[in-house]
Amino acid sequence: MASIKSYFSKIFAAYIANKIQGWSKSPINTQDRVFKSLIKSACKTQFGKDHNFSQIQDHKSFVENVPIRDYEALKPYMEKVISGEPDILWKGKPLYFAKTSGTTSGAKYIPITAETIKAQVEASRNAMLMYIHETGKAAFLDGKWIFLQGSPNLNEKNGIKTGRLSGISAHYVPSYLLKNRMPSWDVNCIEDWETKVDAIVEETLHEDMTAIAGIPSWVQMYFEKLIERKQLKVGEIFKNFNLFIFGGVNYEPYRTKFENLIGRKIDSIELYPASEGFFAFQDRQNKEGMLLQLDSGIFYEFIEADTFFEDNPKRLTLKDVELGVNYVIIISTNAGLWAYNIGDTVQFTSTSPFRITVSGRIKHFISAFGEHVIAKEVEQAIIKAVKGTAARVSEFTVAPEINPKEGLPFHEWLIEFEAAPKDLKGFEKAIDVEMQKQNSYYLDLIKGKVLQPLKISQVKTGGFKQYMKTIGKLGGQNKTPRLSNDRKIASYMHFNNFIK
């Protein structure tokens, strides 16, 4: 018999689904309304005055007045916001700073306003409501939940609370779910990731866990510790566990391994949250891609990734995008991020409604020879190679080998297997064939004898975990880059004898 909570959730889900359908059916008008509202709201800020917001009427005039920036380029304004000055990028002061680890900038402090945290919370909620509306499954609301996240302990910077996005979000769990939430507040506040996961295992081991959320690589660690403790599959430990909610990385390379750890197939919901905004979530179980959030105080622009590093690349709006093209996503938000490059690349899988997949990072690619291989291509290649075999991949990354001891240069695939393929050479070939199918530049380089086919280096169990630990990025929202244009990770693995 359905509980009161699950019964009313279905009614609310139908209401939200109807609301989402309203704005998703008129996407251009929705984005135009958001754009005008953003410009009007920030007209009297320092940024608005410096960039002639009072004169901006449309996207064309916005492009003429507001250049694309990343965090480093926006830093002069950010430093004023961080120092506590009001009305700099957005009216007033932000409620929070989401602290993230930057590469060139050191620590980054991303402003979060009342409007942005509201949109974050609503998008998380709506993702689950859309799942309930589509499937009719709401029983998971009656069991225990877990979200593997950063510590909710917040510090202060010039009177503004500061922490990880997931830690900030922990303060906004709806009251009707508080009794169901795991782990306890004290355990959630543990900073050391391995200690925290051990404590979470202890707390959840005998609970009726029905939904689990987190970045796949870190949920995998939790699952492995559960299995080690009980010597049972996760699905046997938690008999009513049937929903996995994830974000941050593509789940597909992990799916086979997860089904093995759980012992059965379960439903999943993909999210696309970031400190800068909640951009998309999976709204249909049988459709590829996530529904772009067009009515959440974010205005989107897109630049073809192949042209991004040119002078003055063309900035497109939704009406100009095409399916299957790799775009750098540019955002302007109600936290005062203007024409801001978050560093992600996306591809559209549908334009009615607008759905996207995350294809990688504009800085995370291999183009040592002009091939411009992206994350989506390497993930797709490994998924195809694993299919139909007993092989299971725990983690992997790809790096160029420009100066091999002998022969032509090649792409080195560093793979940590849970179950290695019986025919490693055949596995290598299957990946390489798929890469040649997907990337015409790579195909030409192989055919032209500029590159030799890729080579796999098997990483010992725990190698990637140890690497992430040494750079201070074990757990939380951190994930191993799928590929890079340098050999930092590859060199670490070889130097520290993590290669079999």
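The values are calculated or read from the model by the stated rules, or taken from the named source; none is laboratory data. Everything numeric here is computed off the predicted structure, so don't read it as measured data. As a convention, Cβ positions derive from the backbone with ideal geometry for all residues, glycine included, and neighbour counts pool all protein chains shown. These area figures cover heavy atoms from the full protein model, side chains too; ligands, DNA and RNA do not enter into them. Shrake-Rupley method; radii C 1.70, N 1.55, O 1.52, S 1.80 Å.
Could you pull out every whole DSSP H run in the chain that spans at least 18 Å of Cα extent along its own axis and averages -1.0 or higher on the Kyte-Doolittle scale? Provide the component values of the computation, followed by the final result.
Working: long enough: 4-24 (30 Å, 0.19); 27-41 (21 Å, -0.46); 114-135 (32 Å, -0.21); 216-230 (21 Å, -0.68); 424-438 (21 Å, -0.71).
Within the chain the helices that satisfy the rule are 4-24, 27-41, 114-135, 216-230, 424-438.
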Which whole-Hz couplings ³J(HN,Hα) result when phi for each residue of segment 273-288 is put into the Karplus expression 6.51 cos²θ - 1.76 cosθ + 1.60, θ = phi - 60°, listed in order with x for Gly and Pro? x, 8, 4, 7, x, 9, 8, 6, 8, 6, 9, 9, 5, 10, 10, 6
Filter K179/K265; K108/K233; K91/K157 down to the pairs with a C-alpha to C-alpha distance above 29 Å, please. K108/K233
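Order R33, R482 by their accessible area, 1.4 angstrom probe, all chains in place, largest first. Spell out each step's value before the answer.
On the way: R33 125, R482 20 Å².
Most to least solvent-accessible, the answer reads R33, R482.
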Fraction of antiparallel bridges per DSSP, segment 359-478 only, in percent to nearest 5: 75
So what's the Cα pair-distance distribution over segment 284-390, bin width 10 Å, in %? 13, 41, 32, 11, 2
Result: in segment 357-450 the number of Lys pairs with C-alpha under 18 Å apart, spaced 8 or more or on different chains, is 18
Rounded to the nearest 0.05, what FRET efficiency is calculated for S367 and K447 with R0 set to 22 Å and r the Cβ-Cβ distance? 0.80
Straight-line reach from K19: which lysines have a Cα under 27 Å away, not including same-chain ones fewer than 8 places off? K5, K10, K36, K40, K118, K137, K287, K319
Which of S83, S367 is most accessible, then next, and so on - probe 1.4 Å: S83, S367
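Among the GluC sites (Glu not before Pro) in segment 311-380, which ones are in a DSSP loop with at most 15 other Cβ atoms within 10 Å of the Cβ? Mind listing them?
Values: sites: E322, E371, E377, E379; in loops: E322, E371.
Passing both the DSSP loop test and the Cβ count: E322.
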When DSSP assigns beta bridges and you keep just the ones with both residues in the chain, what percent turn out antiparallel, to the nearest 5? 65
